Each structure stands twice: as structure tokens, then as C-alpha cells.
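J.: Here it is, the structure in full.
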């Protein structure tokens, strides 16, 4: 197909997408392992409340880190559309839309991450709830944060299927990475639907291993875009 837009090889766009993607990966791991993993115990609301208030700066850094992730995800969506539109403009547009929907839900879930700070700084007089009830509501908010994240992964999984297929077809990015992103999309869809349909099975110890292919494939794509960019001649031929 012929693209009537700017046909200059988007080398800088590729590296920008890679850097933003690397931020998303590292920031996501930090927010999940370095913040929630350290401070949150869903079975101990009082202990979680004490942890959050005792490490409030860390918790706030985790919130801001996750909020910036949403902006980085929007940037990646736009950059990947710019890169892959020469393969199939309409399919690439569909991928961008699904990723933007995922980012919109992810931005909304940040509110549930912030909510415990609001609740835990309220008093019994101003809230009408006891300290224990406020702690329980905080944990409930964090549970809703996790569920909103799982909903966003459904749309993100569809985006991965689309982006992986476009990379496989492109000729200017490695086919192996494209196949890996497709596998990641399948894993995201399977894990998200398992959480909603079979929560008991999703709570098994091996369940988190299903996310390992996602981490490997996305890290490979992010590093390739950052370090190698795209094959300029192949992209120009497509354009």
C-alpha cells in the first residue's frame, strides 16, 4: 500500500517507543514489587494501613510512577502506529485504539491506588467510619485497583495480538519478536479471563508464571527498538 503521510524512516520514533516501553516495564515492576509488594497485605487491613502511613513517601512515589506509566503507554501507542502503519494502516490503527483503551482504564485504576491515602488521612469525625473500617476500605480500594488492571489487560492483550502480527509481517523488525508479542497477547487474554472466570485456579502458585513470556517478549521489543531501532531500508521499501 502507499502511505501519503511523511515517509521519512522514523528511527527516532522507534527509539522513543523503546525508551518509553522500558520505562513502563521497570516502573510497573517497581510499583508492584517495590511498593505494593512491600506495603500491602490484603489479609491484614490494619497492618497495610500502618505500612502505608509509615512509608507514605514511597507509596506516593509508587502512585506517581504508575501515573506516568499511563502517559508512557499513550506515547508507545502513537509511536507503534507511526512505525507499523506502513504494514497495514487500518490494522495498525486498530492496535493503537485497543492500547489507548487499555491506557484509559489503567489511568482510571490509578485513582484506586490513591484512594487509601485519602481514606487513611480522614478522621472518624469527618468520615463517619472507624479506623478499622477506613483500613478495610483502603484494602478494598487496592483490590479494585488490581481488578481494573486485569480489565485493562484484556484490551492490551488484543493490542499485542495485532502488534505482534504487524511486526511479523513488517520485514523491518525481527519476526521472532513479533511471534513473542503474539504469545504475550494470548497469555494476557488467558490470564485475565481466568481471573474473572476461575478465580480459585488463578490464585494457584504457578499462575504468575504465565506472565513470564509477556515480560520476555515485551522486554525484547523494548530493547530492540531502543538499541537497534528499525531496518531503515526495509521500512522505506514498505512505505
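J.: Would you say residue 18 is out of contact with any strand residue (DSSP E or B) (no Cβ under 7 Å at 6 or more places or on another chain) and surrounded by fewer than 17 Cβ atoms within 10 Å (Cβ to Cβ)? Write out each step before concluding.
T.: Working: out of contact with any strand residue (DSSP E or B) (no Cβ under 7 Å at 6 or more places or on another chain): yes; surrounded by fewer than 17 Cβ atoms within 10 Å (Cβ to Cβ): no.
It is false that residue 18 is out of contact with any strand residue (DSSP E or B) (no Cβ under 7 Å at 6 or more places or on another chain) and surrounded by fewer than 17 Cβ atoms within 10 Å (Cβ to Cβ).
J.: If you scan the range 10-39, which residues turn out to be closer than 14 Å to residue 113 by Cβ, in contact (Cβ under 8 Å) with a residue 12 or more places away in the chain and under 20 Å from the mean Cα position of the chain (by Cα)?
T.: Listed by number, the residues that qualify are 27, 28, 30, 31, 34, 35, 36.
J.: A follow-up question, please. Taking residue 134, is it modelled with pLDDT of 90 or more and surrounded by fewer than 19 Cβ atoms within 10 Å (Cβ to Cβ)?
T.: On the way: modelled with pLDDT of 90 or more: yes; surrounded by fewer than 19 Cβ atoms within 10 Å (Cβ to Cβ): no.
The answer is no for residue 134.
J.: Would you mind telling me which numbered condition in (1) buried (at least 17 other Cβ atoms within 10 Å of the Cβ); (2) at pLDDT below 95; (3) part of a helix (DSSP H, G or I) residue 53 fails?
T.: Here residue 53 clears every test but (1).
J.: I've got another one for you. Tell me, which helices (runs of 4 or more DSSP H) wholly within the range 142-239 include 2 or more residues that are within 20 Å of the chain's Cα centre (by Cα), in contact (Cβ under 8 Å) with a residue 24 or more places away in the chain and surrounded by 15 or more Cβ atoms within 10 Å (Cβ to Cβ)?
T.: 175-197, 212-227
J.: Would you check if residue 94 is within 19 Å of residue 188 (Cα to Cα), under 16 Å from the mean Cα position of the chain (by Cα) and assigned to a helix (DSSP H, G or I)?
T.: Values: within 19 Å of residue 188 (Cα to Cα): yes; under 16 Å from the mean Cα position of the chain (by Cα): no; assigned to a helix (DSSP H, G or I): yes.
Judged against the criteria, residue 94 is not a match.
J.: Shifting gears a bit: With the checklist (1) touching a helix residue (DSSP H, G or I) at 6+ places or on another chain (Cβ under 6 Å); (2) at pLDDT below 95; (3) within 22 Å of residue 219 (Cα to Cα) in hand, flag the one item residue 34 doesn't pass.
T.: Unmet for residue 34, out of (1) touching a helix residue (DSSP H, G or I) at 6+ places or on another chain (Cβ under 6 Å); (2) at pLDDT below 95; (3) within 22 Å of residue 219 (Cα to Cα): (1).
J.: Are any residues in the range 105-130 out of contact with any helix residue (DSSP H, G or I) (no Cβ under 6 Å at 6 or more places or on another chain), free of Cβ contacts under 8 Å to residues at least 40 places away in the same chain and either closer than 30 Å to residue 165 by Cβ or in a helix (DSSP H, G or I) (or both), and if so, which ones?
T.: 111, 118, 124, 125, 126, 127, listed by residue number.
J.: Also: In this structure, does residue 215 turn out to be under 24 Å from residue 15 (Cα atoms) and out of contact with any strand residue (DSSP E or B) (no Cβ under 8 Å at 6 or more places or on another chain)? Walk me through it before giving the result.
T.: Details: under 24 Å from residue 15 (Cα atoms): yes; out of contact with any strand residue (DSSP E or B) (no Cβ under 8 Å at 6 or more places or on another chain): yes.
It is true that residue 215 is under 24 Å from residue 15 (Cα atoms) and out of contact with any strand residue (DSSP E or B) (no Cβ under 8 Å at 6 or more places or on another chain).
J.: Of the conditions (1) in contact with a helix residue (DSSP H, G or I) (Cβ under 9 Å, 6 or more places away or on another chain); (2) over 24 Å from residue 23 (Cβ atoms), residue 210 satisfies every one except a single condition; which number is it?
T.: (2)
One line per residue, one yes/no per condition, for (1) crowded, with 17+ Cβ neighbours inside 10 Å; (2) part of a helix (DSSP H, G or I):
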residue	(1), (2)
26	no, yes
31	yes, yes
42	no, no
57	no, yes
72	yes, yes
77	yes, yes
82	yes, yes
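The values are calculated or read from the model by the stated rules, or taken from the named source; none is laboratory data. What you see is a predicted model; the values in this text were computed from it and never measured. Heads up, the Cβs are rebuilt from the backbone with ideal geometry, glycines too, and the neighbour counts pull from every protein chain shown.
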